[in-house]
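This is the structure I have questions about; it appears just below.
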Amino acid sequence: MSFKAMSTLKNKYWMSSCAVLFLALALFYLFLPKLPLLNGIGFSKTFYDRNGQLMRVTLSPDEKYRIRIPLGEMSPQMVEATLLHEDRYFFDHPGVNPFSLARAFYQTYILRGRRVGASTITMQLARIRFGITSRTLWGKAEQIFRALQLERHYEKEEILEAYLNLAPYGGNIEGVGAASLIYYRRPADELTLPQTLSLAIVPQSPKKRNPLNRLGNNDLVQARKSLFESWVEEYPEDESKRPWLDLPLQVHTPRQLPFEAPHFVETVMAQPQGSVVTTLDLKMQKVLESVLSGYVERHSPNAIYNASAMLVDINDMSVHAYMGSVNYFDADIDGAVDGIRGKRSPGSTLKPFIYALAMDQGIIHPKSLLKDAPSKFADYRPENFDGKFRGPLHARDALVMSRNIPALYLASRLKRPNLYEFLQTAGIKKMKSREHYGLALVLGGGEVTMQELTRLYSALGNRGRLQPLRFLKNQHQEEGEGLFSPEAAYLTLAMLKDNPIATRHGYVGQNLNRLPVYWKTGTSNGFKDAWAAGLFGHYALVVWLGNFDGTPNPHLVGGTLAAPLLFDMVDAVVGVEPMNDFLDMRQDALNIAQVEMCSETGDLADELCPRVEWGMFIPGKSPIKKSNIYRKVAIDRESGLRSCRYDIATADYEVYEFWPSDLLKLFRKAGIPRRTPPPYMAGCEPRPVSGHHVKPKITSPRAGVEYAITLGRPDLRLPLTVTTDSEVKSVYWFSNETYLGKSDGRQPLQWEPKPGVFTLRAVDDSGSSDSRTIRVSVVQ
């Protein structure tokens with residue numbers, strides 16, 4: 001074979017080998033596995049208020065400030081400046097710039113001169129992302145390989161976005177998002193040209209060019225000027241901005257980052273990493289923080305050191321202010337503890353819901369008369385907070401005056417739901433058994449969080465519908481579920497409106513428009529918690545004062561300590577955001593009627609009622625009836641006694657009050673005078689029965705109750721009591737038709753029953769009667 005033929009054959013073999021090698025490399029490149037770009041990287045979280053004000057930036061899991069933002073949220077100037085300084089041919093090469101690599105290899109390894117950089121942005125991303133040591137030959141080879149691998153699977157924009165999110169900008173600050181926010185307090189799409197140029201040059205030498213280095217950093221200044229020259233070559237219209245480079249830039253440190261509303265931020269900290277826009281109103285938060293801290297400081301001589309408060313917009317249930325303690329950083333009061341999420345005794349703050357349920361179940365209406373008198377519920381003998389009893393009260397007055405006995409009476413009559421079932425439905429968590437609380441639940445025997453209590457009061461303002469709180473601005477508002485009817489919610493708020501205690505104590509301060517506040521206070525047993533909760537405008541506000549360790553303090557009283565704080569905060573909120581009363585806007589399409597009621601009795605007014613006022617009730621539910629307390633009585637002119645019959649020549653008709661015996665007894669005990677009729681004239685027996693006569697009603701023993709006689713104590717004594725018309729003088733008691741004795745209807749008749757089933761009957765002197773059946777059994 002000739003030399004020429006052999007040479008031709010060798011050339012073909014070489015070309016074939018090159019082609020095979022090229023094909024193999026192409027196939028290898030084609031099937032390179034896909035590497036993660038930003039997946040698996042931990043980023044900081046940023047928290048903003050509802051108006052875009054920064055509240056906090058957290059560290060990433062590896063202790064870096066690294067905020068992920070998309071390329072579209074970066075300033076175009078920042079992107080251009082980075083490309084101009086780092087890799088102006090980024091969109092033209094396949095991840096590696098062969099000309100730059102050849103120049104760097106020749107300069108570094110052939111001439112042994114100063115090391116020259118040749119890394120593209122893709123190569124720099126590969127080094128940062130995969131921790132490659134690129135100063136060695138093998139490290140550089142791996143960097144090139146990984147760069148090609150990235151370019152194989154990702155678009156240029158994706159690679160550029162990843163680089164600008166991971167590039168070092170000095171210290172533990174990485175990425176344009178974190179650098180712009182920390183150094184200049186600006187988002188990355190609002191940087192000025194000097195700020196942009198100052199950041200673009202940092203990743204090439206983050207230690208030397210750290211913006212936090214002393215002013216006059218020569219390397220940073222020179223690099224920025226050099227980049228500006230390149231910039232004006234591309235954008236000559238920016239030549240006029242050259243003097244800007246001589247102006248000093250205000251640079252902030254990470255320690256100067258805001259740390260606002262710490263308890264609130266911790267509540268939403270579980271949100272996925274990224275930018276979290278919350279419902280908080282930072283302006284309102286700071287105003288209320290100032291009110292809270294100032295109030296506690298003024299009361300510190302009384303050992304009041306801590307408080308919590310929460311403000312919620314009931315229209316969408318968004319949390320606008322959230323103060324878990326008076327000072328997050330005060331270790332002496334456990335300030336880092338979030339009092340809003342802690343379980344506490346609510347005192348009397350649950351009473352409005354008892355009244356709402358009672359109105360829904362047809363037990364009362366706002367003007368119904370309730371008895372505030374010494375009472376016994378099984379073995380429980382409760383008292384009022386002031387240790388006094390005020391006698392008969394209208395339901396509205398009993399609620400706003402926070403009387404315990406009427407509330408316990410109503411709670412004892414609640415069915416489907418009772419108070420315990422209601423609180424379970426309302427989402428009160430970690431409740432013990434119903435038997436554990438008994439009726440003490442009415443007076444704060446259970447525990448609630450401030451969040452739970454705020455939701456309950458918000459339900460009053462939302463027509464009885466319970467909805468979850470919203471902490472995030474983009475959080476969907478749920479419809480919630482109805483706890484009680486819109487009518488009951490409206491009437492409960494109407495009862496709480498214009499609470500006279502506020503005016504009496506001067507709680508209403510700068511609220512010049514006298515915006516109505518629908519509020520209630522609570523004091524826990526042992527003076528450990530002082531509460532005040534209220535609705536005004538479109539807000540629900542709840543405040544608490546106390547100690548997280550449960551230390552008691554006699555000054556921790558809701559009415560005298562928490563209520564003034566509530567109204568101070570109401571005034572502050574109205575000062576920031578003027579608003580109108582919300583109750584008038586929530587009365588449309590309600591099944592509520594208004595009628596003229598007798599002021600004293602709370603019943604429908606008749607022609608004899610001396611004072612009449614308008615009252616509201618729920619048609620078909622409320623126990624509304626015509627008043628029969630006021631009656632005409634014939635009075636003898638000469639003796640002033642009650643005449644047997646009316647005679648125009650000797651008697652005149654006068655109006656007197658005929659109260660049931662139990663209420664009349666309470667009025668007298670409370671020192672409240674009533675206009676009762678005088679005695680009959682002699683010779684008027686038997687007395688005529690009035691057409692308005694009130695039938696007797698047995699009040700003890702209770703119907704359907706089984707009473708027990710123990711073997712060791714067989715002498716069971718039951719008091720027989722009855723409520724009668726005021727005209728009744730005698731009541732006759734029978735057990736299974738066996739006569740037991742006579743009482744005057746005011747004092748009990750004592751009865752010692754034997755085991756068995758008995759039908760008790762009480763007959764008054766007019767022949768009217770009442771009966772009930774009880775069982776008496778023997779137990780060991």
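The values are calculated or read from the model by the stated rules, or taken from the named source; none is laboratory data. The structure displayed is predicted, hence computed values, not measured ones. Glycine gets a Cβ as well: all are built from the backbone with ideal geometry, and neighbour counts include every protein chain shown. Quick note on the areas: whole protein, heavy atoms, side chains included, nothing else; ligands and nucleic acids left out. Shrake-Rupley method; radii C 1.70, N 1.55, O 1.52, S 1.80 Å.
Mind ranking 356-365, 410-419, 78-87 by how tightly packed they are, going by the mean number of other C-beta atoms within 10 angstrom, highest first?
So the order, starting with the most tightly packed, is 356-365, 78-87, 410-419.
What accessible area per residue, rounded to a whole number of Å², is obtained for the stretch 178-246 using a probe radius of 1.4 Å?
Using a 1.4 Å probe on heavy atoms only, each residue of the stretch 178-246 averages 51 Å².
Among the listed pairs Lys432/Lys520; Lys45/Lys528; Lys34/Lys225; Lys367/Lys432; Lys520/Lys621; Lys140/Lys207, which are separated by more than 28 Å between their Cα atoms? Working shown, then result.
On the way: Lys432/Lys520 25 Å; Lys45/Lys528 37 Å; Lys34/Lys225 40 Å; Lys367/Lys432 34 Å; Lys520/Lys621 25 Å; Lys140/Lys207 22 Å.
Flagged as over cut-off: Lys45/Lys528; Lys34/Lys225; Lys367/Lys432.
By a straight-distance test (C-alpha under 18 Å), which lysines pair with Lys430 as possible cross-link partners, with residues fewer than eight away in the same chain excluded?
Of all the lysines, those that pass the test against Lys430 - Cα under 18 Å, at least 8 places apart if same chain - are Lys343.
If you take the charge dipole of the stretch 234-282 about its Cα centre, with +1 on Lys and Arg Cβ and -1 on Asp and Glu Cβ, which of Trp244, Gly274, Gln256 is farthest toward its positive end?
Gln256
Helix 156-166: angle to the longest alpha-carbon principal axis of the chain, degrees 0 to 90, nearest 10?
70
(i) 15, 43, 32, 10, 1; (ii) 15, 48, 32, 5, 0; (iii) 13, 30, 24, 16, 10, 6, 1, 0, 0: which one is P(r) over Cα pairs in 20 Å bins from 0, in percent as calculated from this entry?
(iii)
Right, here's the next one. Give the residue list of chymotrypsin sites (Phe, Trp or Tyr not before Pro) in the stretch 185-261 that are DSSP loop and have at most 13 other beta-carbon atoms within 10 angstrom.
On the way: sites: Phe228, Trp231, Trp244, Phe259; in loops: Phe259.
Sites meeting the loop and neighbour criteria: Phe259.
Which of the peptides 659-666, 68-75 is most tightly packed, and how do the rest follow, judged by the mean count of other Cβ atoms within 10 Å per residue?
So the peptides 659-666, 68-75, ranked by packing, come out 659-666, 68-75.
Separate question: Report in % the part of the accessible area of the chain that belongs to carbon and sulfur, leaving out ligands and nucleic acids; probe 1.4 Å.
Ligands and nucleic acids excluded, carbon and sulfur give 52 percent.
So if I take the alpha carbon set of the stretch 298-357, get Rg, then get Rh from the Kirkwood formula, what is the Rg over Rh ratio?
When Rh is taken as the Kirkwood radius, the ratio is 1.06.
Another question about this same structure. Students often check this: by mean Cβ neighbours within 10 Å, which of 193-199, 732-738, 630-636 ranks highest, and how do the rest follow?
Answer by packing, highest mean first, reads 193-199, 630-636, 732-738.
Also, quick follow-up: What is the distance, in nm, between label points placed 7 Å from the Cα along the Cα-to-Cβ direction at Arg242 and at Arg416?
8.9
If you don't mind, another one. Only helical DSSP H runs with n ≥ 4 go in: add -39500 (n - 2.57) per run for the chain, normalise by residue count and round the 222 nm mean residue ellipticity to 500 deg cm²/dmol.
-9000 deg cm²/dmol
Taking the Cα atoms only, what angle lies between the long axis of helix 137-153 and the longest principal axis of the chain, rounded to 10 degrees?
It is inclined by approximately 60 degrees.
If you place +1 on the Cβ of every Lys and Arg and -1 on the Cβ of every Asp and Glu, how big does the dipole about the Cα centre of the stretch 426-576 come out, in debye to the nearest 20?
100
Continuing with this model, one more query. Using the crude model of +1 on Lys and Arg Cβ and -1 on Asp and Glu Cβ, and no other charge, please compute the dipole size for the chain relative to its Cα centre, in debye to 20.
On the way: 93 positive and 83 negative charges, 443 e Å.
Here the chain has a charge dipole of around 2120 debye.
Also, I was wondering about something else. Restricting to the chain, what percent of DSSP beta bridges are antiparallel, rounded to 5? Before the final figure, lay out the partial values.
Values: 79 of 93 bridges.
Among the beta bridges of the chain, antiparallel pairing accounts for roughly 85 percent.
Still on this structure, I have one more. Please list Tyr184, Tyr89 from largest to smallest accessible area, probe radius 1.4 Å, with all protein chains kept in place. Write out the running numbers ahead of the final one.
Values: Tyr184 20, Tyr89 130 Å².
Ranking Tyr184, Tyr89 by accessible area, largest first, yields Tyr89, Tyr184.
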